[in-house]
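The values are calculated or read from the model by the stated rules, or taken from the named source; none is laboratory data. As the structure is a prediction and not an experimental result, all values here were calculated from the model. Cβ coordinates were reconstructed from backbone atoms using ideal geometry, including for glycine residues, and neighbour counts include every protein chain displayed. In case anyone asks, the SASA skips ligands and DNA or RNA and just uses the protein heavy atoms, side chains included. Shrake-Rupley method; radii C 1.70, N 1.55, O 1.52, S 1.80 Å.
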Amino acid sequence: MRQWIEKQRYIIDFTISSLLRRKVKNFGLLALYTLIVFMLASTMFFTYSIKKEASLILKDTPEIIVQKIVAGRHDLFPVSYIDTLKKIRGVAAVESRLWGYYYDGLVSANYTLLVPPANGDTSGKSRPSAKTTVVVSESGGQQADKSKPLFELGGAVLEPGTLITGNGIARLRDIGKDDYMPFRAFDGSVLNLRIAGALSSQSELVSSDLLLITAEDFRKLFGIDNRYVTDVTVAVNNPSEVEMVASKIRKALPEARPISRVEILRTYDSIFNWRGGMMIVIFSAAVLAFVIFAWDKASGLSAGERREIGILKAVGWETSDVIQMKFWEGAVVSLTAFFTGVILAYVHVFFTGSIVFEPALKGWSSLYPNFELTPFVNLEQLTTLFFLTVVPYTVATIVPIWRAATIDPDSAMRFTGE
Amino acid sequence: MIELMNVKKVFNAGNPSEFPALNSVNLTIEENRVTVLKGPSGSGKTTLLSIVACMSRPSAGRVKLKGREITSLPERFLTDIRRKTFGFIFQQPNLIKGISVLDNVMLPAYPLGEQRLHLKVKAMKGLAELNIANKAASKVEWLSGGEAQRASIVRALINDPHIIIADEPTAHLDTKLSYRFMEIIEKFKAEGKTVIITSHDPLVFESSMVDRVVNLRDGRIEDKPA
Ligand SMILES: Nc1ncnc2c1ncn2[C@@H]1O[C@H](COP(=O)(O)OP(=O)(O)OP(=O)(O)O)[C@@H](O)[C@H]1O
Ligand SMILES: [Mg+2]
């Protein structure tokens, strides 16, 4: 047994040094392979997470969101519309929302500013406490467990002149409780807000870019007067009436665009379908590339490799030793490529917001200006990927070696010294 | 003792390029002797050595090693015998490029799974004996012809073989190194090893160490005794 291990070690060492000997060729190969795994894994991570995320978001999405549209673009929503909405039959409640994005040039980061519902404009029924559950569907809504509040204020009280920061921002700006954070308001004046506390959250992603602010300050900052809110959510009495209520809203307020949960679902669906179609194209292209590449590998040994195998056999390596060497070669290359590819894909999808796919995902921006996915990784998928890449490649490296078995050791004696 | 009985080797049998390299060779090689195979180029010396060393099979005839018939053994056993019994010094050094001299020398021992440190010491000792210990870490492509030849000699000896087979070992060596090589051969003999050498080099076949010279011509052994 010890001998066997020692032997494998020798063979692996020799394999690695063999790989390093043909640096250019093997690094090229490794790079290509890694790229393919990267594409496959990115696609997998992306589609899986987006689906997962979508299902989570949709669970919490209000039945209808109503936005005002001017020239096809999302505009501020007049508070006066709320009464009209409330009068529509089938509407159970209307709540207004105030939220937006603030670009902090100092650290080049986008914050999501949100007025917690209790502090929002009071047209809807008010929420009970400051320690409240906030559904941040518009900022990505990575809520994992509906029963727990998305974040807790930890006793901090939000009052005018203060704000509550997400931990990401606190870290980024290196600030904490009772520090002041300056904001440049719409009119160029500077608004200094005191940090009343930090958010604790089950999901860092939810809270990291989040700033909770009072309605008063929000309006001051963005120059939105009391007659407007960002948008409103509408709850209906009977879920089956959503479509009907939505069409009534469209009639009553021609400028308003009601977006029903079903519609969001449909948007997701169509996005999945054609984005998914693109993903499938990418995916199959990558698989195809892989097959060609594995085939190329499988279809031959170079003259140099044949010569080496001849020498190895002549000095006493068995065919099985040579096969083991090739097995390790395949394993080293494919495992390296697999892990590098998967890690890169993980970083790519979950930390860089899938920049490589960005052109294909542009359409998302209307729904999620700040597109960041929560890492959801499915072990089953990884296993599939593993069997789709590592195994065929390793096999492909071993296959031509059966032919090497036909290389007679005495062929080594006939090679003329180059 | 190695016995060859009616050994024939035909290359490309059945093809227009069919070529009988060995014709009914009968030869007995005694243990602990130095035997030299001599003959013009193309007479089949290398072919004969490769059959003796279990590297290729004869087209006909039988080969016995210590009374054991080896011609019909499966490849695995042949490899095993080859690696444990024979040390082969090729006509060309046949080193593997890109790795160090030391790694090359240790190569035949890898499948045996010997302890690394032990193996390294043995390899370094072998290199030192042929005055190329200082080249241990060099890549083989930097070696001169003679150095490469010596490295290949060390490699042939790494598994401490009982029978040493050398195909034109002095072809790339100068006179001084050739004498040095013959000294090594003498040492083998003293250790009780069997040595088979092919050579055109009078320095080899006229050496006092040599017990027997076999003449080969056109794939046949010439009967006149050496
Ligand atoms: N694989 C092969 N296919 C066809 N012919 C071969 C093959 N190997 C050897 N031969 C031929 O067999 C003959 C004997 O070759 P061998 O290498 O044994 O000669 P040699 O006595 O070692 O010559 P040298 O002294 O030049 O090394 C040569 O004519 C060679 O061309
Ligand atoms: Mg020859």
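Cβ separations smaller than 7 Å between residues 6+ apart or across chains give the following pairs from region B:89-112 residues that are in contact (Cβ under 8 Å) with a residue 12 or more places away in the chain to residues that are hydroxyl-bearing (Ser, Thr, Tyr) and away from ligand 2 (no atom under 16 Å from the Cβ): B:ILE99/A:SER17; B:SER100/B:SER138; B:VAL101/B:SER138. Among the residues of region B:83-91, is any within 16 Å of ligand 1 (Cβ to nearest atom), at pLDDT below 85, open to solvent by 30 Å² or more (accessible area, probe 1.4 Å) and under 30 Å from B:TYR110 (Cα atoms)? Within region B:83-91, one or more residues are within 16 Å of ligand 1 (Cβ to nearest atom), at pLDDT below 85, open to solvent by 30 Å² or more (accessible area, probe 1.4 Å) and under 30 Å from B:TYR110 (Cα atoms). Can you confirm whether B:PRO40 is assigned to a loop (DSSP other than H, G, I, E, B) and either more than 23 Å from A:ILE11 (Cα to Cα) or β-branched (Val, Ile, Thr) (or both)? Criteria met by B:PRO40. Among the residues examined, B:VAL34 does not qualify as away from ligand 2 (no atom under 14 Å from the Cβ), under 20 Å from A:ASP410 (Cα atoms) and surrounded by 15 or more Cβ atoms within 10 Å (Cβ to Cβ). Can you list the helices (runs of 4 or more DSSP H) found entirely within region B:130-217 that contain at least 3 residues being within 17 Å of the chain's Cα centre (by Cα)? Because the criterion is at least 3 residues that are within 17 Å of the chain's Cα centre (by Cα), the helices (runs of 4 or more DSSP H) in region B:130-217 that meet it are B:145-157, B:175-190.
Note on region B:146-172: residues that are more than 16 Å from ligand 1 (Cβ to nearest atom) and open to solvent by less than 40 Å² (accessible area, probe 1.4 Å) amount to 14. Residue check: B:ALA109 meets all listed conditions (1) more than 10 Å from chain A (Cβ to nearest Cβ); (2) among the hydrophobic types (A, V, I, L, M, F, W, C); (3) not in a strand (DSSP E or B) but one, namely (1). Answer yes or no as to whether B:ILE132 is aliphatic (A, V, I, L, M) and within 14 Å of chain A (Cβ to nearest Cβ). Answer is no for this residue.
Got at least one residue in region A:53-70 being at pLDDT below 90, farther than 26 Å from A:PHE350 by Cα, out of contact with any Gly (no Cβ under 9 Å at 6 or more places or on another chain) and open to solvent by 50 Å² or more (accessible area, probe 1.4 Å)? Yes, there is a match, as at least one residue in region A:53-70 is at pLDDT below 90, farther than 26 Å from A:PHE350 by Cα, out of contact with any Gly (no Cβ under 9 Å at 6 or more places or on another chain) and open to solvent by 50 Å² or more (accessible area, probe 1.4 Å). Of all the criteria given as (1) closer than 19 Å to B:GLU168 by Cα; (2) of a type outside the set (S, T, N, Q); (3) more than 16 Å from ligand 2 (Cβ to nearest atom), the one not satisfied by B:LEU49 is (3).
Every residue in region A:309-324 that is assigned to a helix (DSSP H, G or I) and open to solvent by 10 Å² or more (accessible area, probe 1.4 Å), please. Working first, answer last.
Filtering region A:309-324 down to residues assigned to a helix (DSSP H, G or I) leaves A:309-314, A:319-324.
Scanning region A:309-324 gives A:THR319, A:SER320, A:ILE323, A:GLN324.
If I ask for residues that are open to solvent by less than 40 Å² (accessible area, probe 1.4 Å), at the interface with chain A (Cβ under 9 Å from one of its Cβ atoms) and not in a loop (DSSP other than H, G, I, E, B), which ones from region B:92-103 would you list? Of everything in region B:92-103, just one residue is open to solvent by less than 40 Å² (accessible area, probe 1.4 Å), at the interface with chain A (Cβ under 9 Å from one of its Cβ atoms) and not in a loop (DSSP other than H, G, I, E, B), namely B:SER100.
All of B:LEU22, B:LEU49 fail the test of being assigned to a strand (DSSP E or B) and crowded, with 21+ Cβ neighbours inside 10 Å, apart from B:LEU22.
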